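A quick write-up on the structure given underneath.
No lab work stands behind these numbers, since they all come straight from the coordinates. Everything quoted here is computed from the prediction, not taken from an experiment. In this analysis, Cβ positions are derived from the backbone assuming ideal geometry, glycine residues included, and neighbour counts consider all displayed protein chains.
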Amino acid sequence: MIRHCGVHKKGSISIQDILESVRVRKDFHKVGAINMFIGVVRGETLKEERVKGLEVQAYDKKADDVLKNICSELKTRESIVDVQIHHFTGEFKLGEDLVYVLVAGGHRNNVFPVLEEAVERYKKEAPIFKKERVTDKKGAAKSYWVSE
């Protein structure tokens, strides 16, 4: 059984695991819509540098608590059955999955705004840190920690 919100080591859970955890819920009969956000490693920075890789770290206990609180609060919204935020830590290559956010509810018009709020909140509130390894426009390699 997976934790429904928190930080995880890269590769420890899959999209299928998350979807299955919703489908086996006793109250799944109330679900008419499941919406997901999948954050991936982008290949270019806002400064048009080429991203070669990414390292993600977190204050695990604090990040788990923050993500659980966000999920708990959002589950109280009208028609929402489940909210899950799963952020991965470790070393990542271009295109690899960094985060899964899932919202399940009775109707699509209820799940879309909750999904957007979940994404915006975890990015602002959770102590999760990203270090980008890039090549700048002149071809020089460098790395730095990214702030949202």
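Listing for the model above:
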| read-out | value |
| --- | --- |
| Other-chain or far-sequence residues with amide H under 5 Å of G53's (modelled H) | R133 |
| Positive dipole terminus of the chain, leading residue within S72, V22, G6 (C-beta point charges) | G6 |
| At R0 = 22 Å, FRET efficiency that the Cβ-Cβ distance of E73 and K26 yields, to 0.05 | 0.50 |
| DSSP-assigned coil residues among trypsin sites (Lys or Arg not before Pro) in the stretch 1-72, each with at most 10 further Cβ atoms within 10 Å | K26, K47 |
| Inter-site label distance for D136 and E48 at 7 Å from Cα along Cβ, in nm | 1.5 nm |
| Estimated vicinal HN-Hα couplings, Hz - the stretch 48-58 in sequence order (Karplus 6.51, -1.76, 1.60; Gly, Pro = x) | 6, 7, 8, 7, 9, x, 8, 10, 10, 10, 8 |
| Dipole magnitude of the chain about its Cα centre (Cβ charges: Lys, Arg +1; Asp, Glu -1), debye to nearest 20 | 260 debye |
| Farthest toward positive dipole pole in the chain [+1 Lys/Arg, -1 Asp/Glu at C-beta], among Q57, V31, T135 | T135 |
| The stretch 59-101: chymotrypsin sites (Phe, Trp or Tyr not before Pro) falling in loop per DSSP and having at most 16 other Cβ within 10 Å | Y59 |
| In Hz, Karplus ³J(HN,Hα) per residue of the stretch 106-115 (6.51, -1.76, 1.60; θ = phi - 60°; x = Gly, Pro) | x, 9, 4, 5, 8, 7, 4, x, 5, 4 |
| Phi to ³J(HN,Hα) by Karplus 6.51 cos²θ - 1.76 cosθ + 1.60 over the stretch 15-24, Hz, x for Gly, Pro | 4, 4, 4, 5, 4, 5, 5, 7, 5, 8 |
| Computed label-point distance, nm, for sites M36 and I15 using a 7 Å Cα→Cβ extension | 0.5 nm |
